[in-house]
Amino acid sequence: MALFGDLAHHAFTDLAKVLRPQTGSLYLHEAYQGRTLELTLLQGHLLALYIDGFPVTVSNEATQVLQDVSTRRTGAFEFQKRSLNSNEQTLYVLPLLETLQNVPLADVPAERRPHPDTRFQSLAPAAVPGALQATWTDLAPHLRVGASATELSRATGRTIQDLQISLYHLRAAALIGPVRSAESLTPPTTQANGQAERQAGHMTDPAPAAQPTLTASAPIINRLLGALRRLTGARA
């Protein structure tokens, strides 16, 4: 049995339901920070996880990686059904589906959390993952105009550390993005147009001064016409 697809079109939890009775290897190509994962599964249980061929030996770290992949929903998957042999590594025994559904948001290493004063603003998500529904409902009103973990702590009463973790997961799910400076938020076309206008202002020549109008008197005109007739008659 071979199963192919893309996590952009199939939720990881749905894939785990399909694979619950299966045994074999699940490959997630470029699904985690651009790297490929290999999961050894035994009837829906995770026995080992490899990142680009290197084993993740701690179950909590494996859980966090799986949560990241489930939230990001990127990367092609390929499942190959096979029998496991006695040489297979068994690093842990984690039920895959339950691990994806019940991972606590607190399992985020401190070095991966955003800075307390980094401000984030809500994007326009197509869908909110089920695990983040409650967090999104709580924080979305504050994130419409942009807020940091420190600001959210004052507004919600939650701890800064807890909010850093929540913001990490919301960003991983592409629900929020860091707020850019006002200058960088100016549309490029507007900046270009403004610069063009300034350059045009420097390059435009001042309006030419009005030229004086010459008005000839009647006697001068008569003399000129007479001279013209004589000249014409002489050539004739």
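The single condition among (1) within 18 Å of Val93 (Cα to Cα); (2) assigned to a helix (DSSP H, G or I) that Ser70 does not satisfy is (1).
Scanning the stretch 34-57 for residues that are exposed (fewer than 12 other Cβ atoms within 10 Å of the Cβ) and either modelled with pLDDT under 90 or of a type in the set (A, V, I, L, M, F, W, C) (or both) yields a single hit, Phe54. In the set (1) closer than 20 Å to Tyr32 by Cα; (2) open to solvent by 80 Å² or more (accessible area, probe 1.4 Å); (3) modelled with pLDDT of 90 or more, Lys81 fails one condition alone, (1). Taken over the stretch 58-78, residues that are open to solvent by 50 Å² or more (accessible area, probe 1.4 Å) and either under 12 Å from Ala11 (Cα atoms) or of a type outside the set (S, T, N, Q) (or both) amount to 5. In the stretch 51-62, the residues that are assigned by the TED database to the domain that holds Thr36 reach residues that are assigned to a helix (DSSP H, G or I) and among the hydrophobic types (A, V, I, L, M, F, W, C) with C-beta atoms within less than 6 angstrom, at least six apart or across chains, in these pairs: Val56/Ala62.
Return the total of residues in the stretch 6-33 being open to solvent by 20 Å² or more (accessible area, probe 1.4 Å) and either outside the structural domain of Asp68 (by the TED database) or not small (Gly, Ala, Ser) (or both). Of the residues in the stretch 6-33, 15 are open to solvent by 20 Å² or more (accessible area, probe 1.4 Å) and either outside the structural domain of Asp68 (by the TED database) or not small (Gly, Ala, Ser) (or both). The set of residues in the stretch 142-173 being open to solvent by 30 Å² or more (accessible area, probe 1.4 Å) and under 20 Å from the mean Cα position of the chain (by Cα) consists of His142, Arg144, Val145, Arg171. For the stretch 110-129, the criterion of being open to solvent by less than 70 Å² (accessible area, probe 1.4 Å) and of a type in the set (Asp, Glu) is met by none of the residues.
The values are calculated or read from the model by the stated rules, or taken from the named source; none is laboratory data. What you see is a predicted model, and the numbers here were worked out from it, not measured in a lab. No Cβ is skipped: glycine too gets one built from the backbone with ideal geometry, and neighbour counts run over all protein chains shown. Note: areas computed on protein heavy atoms with side chains; ligands, DNA, RNA excluded. Shrake-Rupley method; radii C 1.70, N 1.55, O 1.52, S 1.80 Å.
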